[in-house]
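First the structure, in the form of structure tokens, and then the observations on it.
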Amino acid sequence: QVQLVESGGGLVQPGGSLRLSCAASGSIVSIRTMGWYRQGPGKQRELVAQISNAGSANYVDSVKGRFTCSRDNARNMVYLEMNSLKPEDTAVYYCHALLLPRWSMPWSDYWGQGTQVTVSS
């Protein structure tokens, strides 16, 4: 069984920084992409950042230049370094992975349970 577990959320003042981490564990043959989504109050879930197994990352326009997504393939981990945080970054952040759990199974989407990030003075 595959699990994605996030850590690193919390309360931070505007202009501050936070680092989110996500560890994928369990029966995993290969991971194609990993990344982060977020869902703010009254909003739909949106893709924040995604990184391929080759290390190529893309970001939603609203976080470009402020957030950095990185990955440790050996440890099946993905990180999100968030700088210059704004109140509009307040959301529950979800880790996502597109992975192959077994050779006999298809590539599938897996999600973490989410970690709250609150940006407020």
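The values are calculated or read from the model by the stated rules, or taken from the named source; none is laboratory data. Just so you know, these numbers come straight off a predicted model, no measurement behind them. Virtual Cβ from ideal backbone geometry, glycine too; neighbours counted across all protein chains shown. Ligands, DNA and RNA are excluded from the accessible area calculation, which covers all protein heavy atoms including side chains. Shrake-Rupley method; radii C 1.70, N 1.55, O 1.52, S 1.80 Å.
Odds and ends about this structure:
- Ranked by the mean number of other Cβ atoms within 10 Å per residue, highest first, peptides 88-97, 15-24, 68-77 order as 88-97, 15-24, 68-77.
- From phi via Karplus (6.51, -1.76, 1.60), per-residue ³J(HN,Hα) for the range 25-40 in Hz, x at Gly/Pro: 9, x, 7, 9, 8, 7, 10, 8, 10, 10, x, 10, 10, 9, 9, x
- Gap separating the Cα centres of the range 68-121 and the range 3-54, nearest whole Å: 2 Å
- D109 versus E81: modelled label distance in nm, points set 7 Å from Cα along the beta carbon direction: 2.9 nm
- For the chain, Cys with no neighbouring Cys Cβ under 4.7 Å: C69
- Listed peptides 78-85, 106-113 by packing density, highest first (mean Cβ within 10 Å): 78-85, 106-113
- Averaged per residue, the chain has 53 square angstrom of accessible surface, using a 1.4 angstrom probe with ligands and nucleic acids left out.
- The order of L11, L100 by accessible area, most exposed first and with a 1.4 Å probe, is L11, L100.
- Antiparallel %, DSSP beta bridges [both residues in the chain], to 5: 95 percent
- Calculated from backbone phi, Karplus (6.51, -1.76, 1.60) coupling profile of the range 46-52 in Hz, x at Gly/Pro: 10, 6, 9, 7, 9, 9, 7
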